[in-house]
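Enquirer: What follows is a single structure, and I will ask about it in a moment.
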Amino acid sequence: MKKTIVFILLCVFISLTVISSYSLFTGNALNNKLTTGDRFLVFGITIFLFVYYLKLDKNPQYAHATINTEKKENPQNPNEFFTKPKITFEDVAGLDEVKEELIEVIDFIKKSEKYKKMGAKIPKGILFYGPPGTGKTLLASAVAGETKSAFFSASGSEFVEKYVGVGAKRIRTLFEKAKKEAPSVIFIDEIDAIGAKRHLDSNNEKDQTLNQLLVELDGFNTDNTVVVIGATNRLDLLDEALLRPGRFDRHMFIGNPNVKAREEILRVHTNNKPLASDVNIADLAKKTHGMSGAHLSNIANEAAIIAVRENETLITALHFEKAIERVIAGLQVKNPTIMQREKEIVAYHEAGHALIGKLLSTDMVQKVSIIPRGQALGYVLHMPQDDRYILTREELCNKIMVMLGGRAAEELVFNHLSTGAKDDLKKVTDITMQMVCEYGMSDLGFLCNEPSMLKGLTQEITQEINKIIEQCYSSTYEYLKLHRSYLDTISEALLERETLNFDELNELVGQLPSIKKPLKETNKELAVV
């Protein structure tokens, strides 16, 4: 379109140039009207349009593109590739065992001469592994802060490129800069992105990047004090060559904090917040069983936000309870459109969970609610009495029965099976699968979770899973049938108040006798719980 317009204008001005030139030589009337300046202007525009049209008519020339794979060093700020963190172990709550283990590494960096006299070598690599949000990145930063070392932080995905050789070059560059700034700490987060297991039929860019990382870990100059710290959530995915001594010498599991560590973490995150006198950090630590440090930080922040939303000057215990519900159960649904029939079903469903939990004394029932949160129409919050690391078959079956209490209550009262037990059944299946395939708690014997073995026993495993679930469900149904009056009392209170806390639930049902053994029936096989 542009070329066509220029061509038309060029033709017009060529015509004007020809006419003006003809009139100049013939001396007609047009010659008297056109001045010399007009003729030069028309002639100049014609030449410009002609040159411009020739440029448009040429084929475009493409310049060669260069791929910038490396960040160029800024001479004005050579320290932009690394930082020197001010975080120390005082800022890391909990994880006392891991910090004690890291003190040797820190002492080596600070006083390397006394170790070298004894012929000791600094650990080249430390690998942190465990669930997300447990403080692996914070620990690595604290190691650099304690030693006042240069801290080079990178993610495993930064080394992954589709261009061959780019990842390996970035690894070399990173280690060269770390050696130059020694003593230094290199932290590679999500190292499984480049350190995954290699296969016989694979020879891609990731493998070349991993090979370069292995070479750099082996080829350290012993005079340079450089420590490499890796972090991953999936230790099982890492290549064996990366895990061997001499590369990552120490493997440290960073798990979820226990009750004491949770209390310390909560104190750190509430240190700068105005707390009311009714806030008990020790009680909050007990209510947050199984949560990571990231969860605890989020709870403290959510409690502060809720207090601001309610125009309060202090954060109260009620704000923390709302924050825990927000993190665990999700966002509360405002003005839910739920039919009365569905509300009754939800009330009996949650009452079934709470009543079985009270009967079996599995965990303390902290709260029962039929207020929708997230995708759930109701929920029951359990508070474990203690941190447990070993569970018996009896205790696992008790947990299964608590989860099946909702469906059993629906069948007992309404004589139907609804979709409300979807999440419960998923959790029940996961626990039962572990009992059969990992814990050896079934008639199949002491099975190990080997894929080749499990493929050949799919039908038998399914039968054992269904057998355990059906036995637990039968026991649950009979318990609810035996205590139907308490089930009705809890559900009616839920329909009236929508929420019951620990004290209110105890007022309704009193001190129920805890069940230690299953019901004995001659015509039914019940679970040993």
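Enquirer: Within the stretch 229-258, can you find the residues that are within 22 Å of the chain's Cα centre (by Cα) and either outside the structural domain of D96 (by TED's automatic domain parsing) or farther than 16 Å from A196 by Cα (or both)?
Expert: Of everything in the stretch 229-258, those that are within 22 Å of the chain's Cα centre (by Cα) and either outside the structural domain of D96 (by TED's automatic domain parsing) or farther than 16 Å from A196 by Cα (or both) turn out to be I229, H251, M252, F253, I254, G255, N256, P257, N258.
Enquirer: Moving on. Given the criteria farther than 22 Å from L500 by Cα, free of Cβ contacts under 8 Å to residues at least 60 places away in the same chain, out of contact with any helix residue (DSSP H, G or I) (no Cβ under 9 Å at 6 or more places or on another chain) and hydroxyl-bearing (S, T, Y), does T419 qualify?
Expert: Spelling it out, T419 is indeed farther than 22 Å from L500 by Cα, free of Cβ contacts under 8 Å to residues at least 60 places away in the same chain, out of contact with any helix residue (DSSP H, G or I) (no Cβ under 9 Å at 6 or more places or on another chain) and hydroxyl-bearing (S, T, Y).
Enquirer: Between S418, S475, which is among the hydroxyl-bearing types (S, T, Y) and touching a Pro at 6+ places or on another chain (Cβ under 9 Å)?
Expert: Numbers: S418 fails: touching a Pro at 6+ places or on another chain (Cβ under 9 Å).
Answer to the selection: S475.
Enquirer: Moving to a separate point now. How many of the residues making up the stretch 109-164 are on the phi < 0 side of the Ramachandran plot, more than 23 Å from the chain's Cα centre (by Cα), modelled with pLDDT of 80 or more and part of a loop (DSSP other than H, G, I, E, B)?
Expert: 2
Enquirer: Being loosely packed, with under 15 Cβ neighbours inside 10 Å, among the aromatic types (F, W, Y) and within 22 Å of K367 (Cβ to Cβ) is the requirement here; does F502 meet it?
Expert: Criteria met by F502.
Here is a yes/no grid of residues against (1) over 29 Å from the mean Cα position of the chain (by Cα); (2) at pLDDT below 90; (3) in a helix (DSSP H, G or I); (4) acidic (D, E):
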residue: K367; (1), (2), (3), (4): no, yes, no, no
residue: H382; (1), (2), (3), (4): no, yes, no, no
residue: Q385; (1), (2), (3), (4): no, yes, no, no
residue: R388; (1), (2), (3), (4): no, yes, no, no
residue: L391; (1), (2), (3), (4): no, yes, no, no
residue: V402; (1), (2), (3), (4): no, no, yes, no
residue: G405; (1), (2), (3), (4): yes, no, yes, no
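Let's see how each residue does on (1) more than 20 Å from Y479 (Cβ to Cβ); (2) surrounded by fewer than 24 Cβ atoms within 10 Å (Cβ to Cβ); (3) in the same structural domain as V428 (by TED's automatic domain parsing):
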site: E344; (1), (2), (3): yes, yes, yes
site: A347; (1), (2), (3): no, no, yes
site: S361; (1), (2), (3): no, yes, yes
site: V368; (1), (2), (3): no, no, yes
site: G374; (1), (2), (3): yes, yes, yes
site: Y379; (1), (2), (3): yes, yes, yes
site: I390; (1), (2), (3): yes, yes, yes
site: V402; (1), (2), (3): no, no, yes
site: L412; (1), (2), (3): no, yes, yes
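Enquirer: If we keep just the residues of the stretch 231-260 that are in a loop (DSSP other than H, G, I, E, B) and without any contact (Cβ under 8 Å) to a residue 24 or more places away in the chain, which is farthest from I191 (Cα to Cα)?
Expert: So the residue we want is P245.
Enquirer: Anything in the stretch 365-379 that is closer than 19 Å to H289 by Cα and in contact with a Lys or Arg (Cβ under 9 Å, 6 or more places away or on another chain)? List them, or say none.
Expert: The answer is V365, Q366, Y379.
Enquirer: Looking at the stretch 449-457, is at least one residue under 19 Å from E395 (Cα atoms), small (G, A, S) and more than 31 Å from the chain's Cα centre (by Cα)?
Expert: Among the residues of the stretch 449-457, not one is under 19 Å from E395 (Cα atoms), small (G, A, S) and more than 31 Å from the chain's Cα centre (by Cα), which makes the answer no.
Enquirer: Residues in the stretch 311-332: is at least one among the hydroxyl-bearing types (S, T, Y), outside the structural domain of H269 (by TED's automatic domain parsing) and not in a helix (DSSP H, G or I)?
Expert: No, the stretch 311-332 contains no residue that is among the hydroxyl-bearing types (S, T, Y), outside the structural domain of H269 (by TED's automatic domain parsing) and not in a helix (DSSP H, G or I).
Enquirer: Return yes or no: is K343 assigned to a helix (DSSP H, G or I) and basic (K, R)?
Expert: yes
Enquirer: May I ask you to verify whether N233 is modelled with pLDDT under 85 and out of contact with any strand residue (DSSP E or B) (no Cβ under 6 Å at 6 or more places or on another chain)?
Expert: no
Enquirer: Continuing with the same structure: So N415 clears everything in (1) at pLDDT below 90; (2) farther than 30 Å from D283 by Cα except one condition, right? Which one?
Expert: Tallying (1) at pLDDT below 90; (2) farther than 30 Å from D283 by Cα, N415 fails exactly one: (1).
The values are calculated or read from the model by the stated rules, or taken from the named source; none is laboratory data. Since the structure is predicted, the reported quantities are computational estimates derived from the model, not experimental observations. Heads up, the Cβs are rebuilt from the backbone with ideal geometry, glycines too, and the neighbour counts pull from every protein chain shown.
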